[in-house]
Amino acid sequence: QGQLLPNIFPRLASLEHLDLSDNNFEAKFSLSSFGNLAKLQFLDLSRSQLQVEIEDSSWYPSFQLQYLGLQACKLNWSEGTMAKFLSKQNNLSYIDLSDNDLPDSFASWILDNKTLLTELDRENDSATLLLYFRHSLDTLIIA
């Protein structure tokens, strides 16, 4: 609980896969806590009690994610800071942002800018199906 969890990340410089989904950890931390995890490719914080902040747009992550799971997270971010963070992630092939009540304009931005994306999950969000036909996803989940 508290700051213990984010304080361990700087010591895990060779970490490639981090899955904290479906846990009962209670902590508030910023994605910059992963700042020195240059090898991180898989990050799943889905359905956790963690409060995740995406900081200002000037932060540049050292890692390039292929998988980002943020289903039903307690996200503290604006549409602009999330877009800037994702714009710096050039290898993303999977994003799960379901149960986060994202606006359609943001989902459209993701599809327009993440050309390697093969799966987008917006289950339980109020997404408009028409915006997805502009992208060649292998998997689309809207339920």
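Only one of the listed residues (SER87, SER32) is farther than 24 Å from LEU120 by Cβ and under 14 Å from the mean Cα position of the chain (by Cα). That residue is SER32.
Hey, can you tell me all the residues within region 1-49 that are among the charged types (D, E, K, R) and modelled with pLDDT under 90? Before you say what the answer is, go through the steps one by one.
Kept after step one, since they are among the charged types (D, E, K, R), are these residues of region 1-49: 11, 16, 19, 22, 26, 28, 39, 44, 47.
If the condition is that a residue be among the charged types (D, E, K, R) and modelled with pLDDT under 90, then ARG11, GLU26, LYS28, ARG47 are the ones that fit.
Only strands (runs of 3 or more DSSP E) whose full extent lies in region 11-103 are considered here, and the ones with at least 2 residues that are over 21 Å from GLU119 (Cβ atoms) are 28-30, 51-53, 74-76.
Once region 19-40 is narrowed to residues that are in contact with a strand residue (DSSP E or B) (Cβ under 7 Å, 6 or more places away or on another chain) and open to solvent by 70 Å² or more (accessible area, probe 1.4 Å), the residue that is nearest to TRP77 (Cα to Cα) is LYS28.
The values are calculated or read from the model by the stated rules, or taken from the named source; none is laboratory data. In this text, all values refer to a predicted model and were calculated from it rather than measured experimentally. Cβ atoms come from the backbone with ideal geometry, glycine included; neighbour counts cover every protein chain shown. Quick note on the areas: whole protein, heavy atoms, side chains included, nothing else; ligands and nucleic acids left out. Shrake-Rupley method; radii C 1.70, N 1.55, O 1.52, S 1.80 Å.
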